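Encoded as structure tokens, the structure appears first; notes follow it.
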Amino acid sequence: MSEPVHSITSAPEPLAVDQARRTRSYLIQMSIRVVCIIGAVLVDGWVRWALVAAAVVLPYSAVLIANSGRDQVAHDTSPVTPPAAPALTELPEPSPDVPSTPDATNRPDAPGTPGTPGTGRVIDHVDD
């Protein structure tokens, strides 16, 4: 069974792009607010009050939208299941010519046997 390959297209947009989008959105809404304030000074009647109400509400909505942060995209958050470990196999039966108990004197590769690697004097060393 093959494992799924992760795609780089699921990566979020860069932070600089996200900040530029949020700044642009905020500046557009504040520009609309300035137009509402200027319009409220120039017109009369119910339109004036509608423009004043828009000029009062726009900063709140602009800040909420600008501070909303990065878009949260739903990603698969299921845990990764590791592949099953292979089953352990039975050890082969020991052959009759090999003793069943480990005995350093019967092993040809045992330390202390002349002519084998690792032979020599063992020195207990303690670092200061």
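Only the coordinates and a few stated rules stand behind these numbers; no lab work does. Treat the numbers as computed from the prediction; the structure is a model and nothing was measured. Backbone-built Cβ (ideal geometry, glycine too); neighbour counts: all protein chains shown.
Numbers for the structure displayed
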| read-out | value |
| --- | --- |
| Gained length - Thr81 relative to Val17, 0.36 nm times residue gap less alpha-carbon distance | 19.6 nm |
| Debye log10 I(q)/I(0) for region 13-66, one point scatterer per Cα, at q = 0.24, 0.25 Å⁻¹ | -0.82, -0.86 |
| Net charge over other residues, Cβ less than 13 angstrom from the Cβ of Leu27 (K, R count +1; D, E count -1) | +4 |
